[in-house]
Structure formats: C-alpha cells, structure tokens
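Taken together, the values in this text are just the output of simple stated rules run on the coordinates, not laboratory data. Predicted model, so just to flag it, every value in this text is computed and none were measured. With ideal geometry, Cβ positions are generated from the backbone for all residues, glycine too; neighbour counts draw on all protein chains shown.
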Amino acid sequence: MTLYPRFLTLALLTFLIVAPAGADQTVELYRAQELVKSQSAAQRAAAAKHALERVVVRVSGSLESLQSPAIKAALTNAQEYVYEYSYAASDETLESISGESIPASALNLKFSAALIEQLLREAGLPYWPANRPNVLIWAVANEGDGLQLVTDPDAWQQVREQAQLRGLPVTSPVFDLEDHLAMSEQTLWQLDSSQIRQASERYSADAIIALRYSELSDGRYRGNWQLLHGEGDVMFDGQADAPGDLLQQAVDTIADRFANIYAIRPSESGSASIAMFIANANSFADFKRIESYLNSLAVVRRVEMHQVSSQGLTLKLFTDGDVTQLENTLALKKMLLPVSGTSLSGNRYQVRGSLLRPLRYRLQQSLTQGGSNE
C-alpha cells in the first residue's frame, strides 16, 4: 500500500538513497521513469504529465504545489519541459483496455532544470536545491512479541519509494552486530536522543528519525517519531492502516520540514546582501576557491570581495535567501566551518550578516593548504 499509487508506477531512476556511511548525498531532481504500453505520442504525453507531477513535488518540496493553477496549466503541456527521453526494455506488464496483460516499455524522461525552476518561480512556489540533508531512519515496533527493531525489507522499500518521491536522501541502518549492540529496542522505544545520536555516529547523517509504533485494538497503527537535527529536535505523531504507511508519513513530515528550512522562496527578491568574514583565508587563491564554492550554491547569486587583510577575507554575498538559510546550506557541505564566540560585544546589536557584524567562518584546513574538497 502506498500513499501516492498514481505516482509510484515504477521506482524512479538514478536516485542515491542508501549510501555508505559518510558519503555525500545528492538527489537527481529532474529524471523520472514511466511504464508505457506503447511508444505512441499519446502514451508519451500521458507519461510526461505523470512524471512532471513527481518532478514538481520533488523540486518544490511541496505536495500542495500540484494545486497551483500555473502548475495545472503546465501539466497539460508537460512535454514542453522534457529535455530528452528514451525507451528501454522492461520486465513489467500493464493491463490493456480489454483487461489483458501486455508487455510494458520503460520511458526515461529528463526534464529541463532551467524550465522547471522558471515554472516554479512564475508560479510563486519554492525551489529546493539538490544539496539536501541525508537522513538516517531507525524504527521500533511494539507488537505481539514485544519490542523489535523494524528490519522488514518490504517496509524499508516503502520508505525508499516515498523518499524518492519527495527527493529526500535516506539511509537505513545495516542492522549488523555493531548496530544491535549500540541501539537496543528499549533505548529506541524511549526515544533517548543522547543514546540514539551516539548509536548513529557511524553513519555521519545530517539528521536522524527515531520512530516507534504499536498496533491499536482496531488493527490500525499509531506512532511517534522524533527528528534529531541541528535546527532543533521535533516530535511528530500519526496513525495509519499499516506500518509501511506510517513510515511514509514520517518521511513526508520530515521532507516538509526540511523544505521549509532549505527551499528558496520567490518572495525573496534576491537583493539580500550578506557579509561574511573568513578568518584563515588571506590570499587571492583562497578567494577564488571560496568564490567557486559559494557560487555553486543555489542560494547564492554572486560573490564580491570586500576586503582582504592578514586576518582574513571579508566577502559580500548576494543571495536568494536570508542569513539563516545561507547558514543551513553551508552546514550541509561543511567546506566552510562556523567560528563562534568571536564577535565583538559592541557589535551584538548590529544586524547579523552586515559589514559591522559579518558571519564568521573559517576555510577547511585542507583547502588552505591547497587540498581538494572532492
């Protein structure tokens, strides 16, 4: 059972969902795959419409985006947003009008990033860049045999499908001896945040979901899940007909929260100027490396050098977001590390991110020594 059966006709392609601990997580926002009965223009048009719906949800970070009149209008001409497409063989079948099973082909679609971003901006919808937090998920169930860690492959497949739909990179525990020693069922059931964080260190995730659920007398399931994240720990709850559906709800709530934190909203005029001081960078080579990195961020429009001294570089960043959004984005990559406790007391009443009170960072040591960030 899925929450969005119309969208999940086939697992999406080229998503990096489960990755080795510590790996950089990126998501492929603009590709989708649909099963079609034939290579006719009519089948391709219908498939493009369904695929564009998924892409809009993924890139905007919002399920409600499909209710926008501008998006509804775009869906009627979905093929105009397709950059390229191709067909591939498939082992799947589809049902014909007469009820017979017929072989299906896989239609691979790649949408134009520029056109999708323009569509969202014109529709007044947010744009959530591909650099997204990697989320580690733990789950424990209280059923007939007592507390048990959720390791069922079918339940985790539903989690991955929902994460694919929302564009949220997730990692599941490997459930080896180290995991079982580090994370007991009781610890997870109690939502002991300190112990959960400690047990999760090997995965180097940006955020953690700890979910617990039990079966109700009517056969439904009730659960609570806790998000552990640098922006604060938050609790959620919900009910569903099956455990997999409850896990899907958890993915949706977390995707919604992260989209609110990281997505760029068109109401932000793009004229924001944020000052940044980088303490251990004082050469032109350092500036070029930093400039290249900052310009690669979707939230940054351009970078200007304001001042260079033996103490460091002062930059002016023109952004599509505010100070908090910039800080959240920088925290994902960790190429620039925040320096705390260095602001002069006389500047504390100045606006954060102004030239009188710039954001204070330092460049990773390996980069100041000419190393690579790859």
Checklist outcome for this item: the chain, Gaussian network, Cα under 10 Å: of 34, 304, 185, the residue fluctuating most is 304
Next on the checklist: Run the reach check for residue 72 against aspartates and glutamates, Cα to Cα strictly under 12 Å, same-chain hits fewer than 8 apart removed. What comes back?
Outcome noted: 53, 64
Checklist entry - Given the options 278, 254, 102, which has the most mean-square fluctuation in a GNM of the chain, springs set between C-alpha atoms less than 10 angstrom apart? => result 102
Item to check | residue 364 long-range amide H proximity, modeled H, under 5 Å | outcome: 337
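Kirkwood Rh over Cα pairs of segment 31-122 into Stokes-Einstein at 10 °C, 1.306 mPa s: D in µm²/s?
Roughly 115 µm²/s, to the nearest whole number.
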Checklist entry - Under the definition of Cα pairs under 8 Å and six or more residues apart, what whole-number percent is the relative contact order of segment 136-210? => result 43 percent
Checklist entry - Once the Cβ-Cβ distance between residue 288 and residue 331 is put in as r, and R0 is 25 Å, what FRET efficiency do you end up with, to the nearest 0.05? => result 0.65
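Once every DSSP H run of n ≥ 4 in the chain is given -39500 (n - 2.57) and the sum is divided by its residues, what mean residue ellipticity at 222 nm do you get, rounded to the nearest 500 deg cm²/dmol?
Details: 11 runs with 116 residues, N = 374.
Computed ellipticity for the chain at 222 nm equals -9500 deg cm²/dmol.
Can you give me the relative contact order of segment 135-262 as a percent, contacts being Cα pairs under 8 Å and 6 or more apart?
Normalised by residue count, the contact order of segment 135-262 is 28 percent.
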Checklist entry - GNM on the chain, C-alpha springs below 10 Å: top fluctuator among 247, 107, 52? => result 107
Checklist entry - Tell me, what does the Kirkwood hydrodynamic radius of segment 135-262 come to in angstroms if you use every pair of distinct C-alpha atoms? => result 14.6 Å
Item to check | Integer Hz, Karplus 6.51/-1.76/1.60 couplings in order for segment 51-66, x for Gly and Pro | outcome: 5, 5, 4, 5, 5, 4, 4, 5, 6, 7, x, 9, 5, 5, 4, 5
Next on the checklist: Give me the percent relative contact order of the chain, please, defined on Cα pairs under 8 angstrom at least 6 residues apart.
Outcome noted: 14 percent
Checklist entry - Tell me which lysines have Cα within less than 23 Å of residue 288's Cα, excluding those fewer than 8 residues away on the same chain? => result 316, 333, 334
Checklist entry - Just one of (i) 23.8; (ii) 28.4; (iii) 22.9 is Kirkwood radius over Cα pairs in Å as worked out from the coordinates here. Which one is it? => result (iii)
Item to check | For segment 135-140, 3J(HN,Hα) per residue [Karplus equation, 6.51 cos²θ - 1.76 cosθ + 1.60, θ = phi - 60°, Hz, x = Gly/Pro] | outcome: 10, 8, 10, 10, 9, 9
Checklist outcome for this item: Residues whose modelled amide H sits under 5 Å from the amide H of residue 357, counting only those 5 or more places away in sequence or on another chain, are none
Next on the checklist: Using a Cα-Cα cut-off of under 23 Å, which lysines could be cross-linked to residue 37, ignoring same-chain neighbours fewer than 8 residues away?
Outcome noted: 49, 110
Checklist outcome for this item: Here the FRET efficiency for residue 356 versus residue 301, based on Cβ atoms and R0 = 25 Å and rounded to 0.05, is 0.65
Item to check | Label-point separation, residue 185 to residue 143 (7 Å along Cα→Cβ), nm | outcome: 1.1 nm
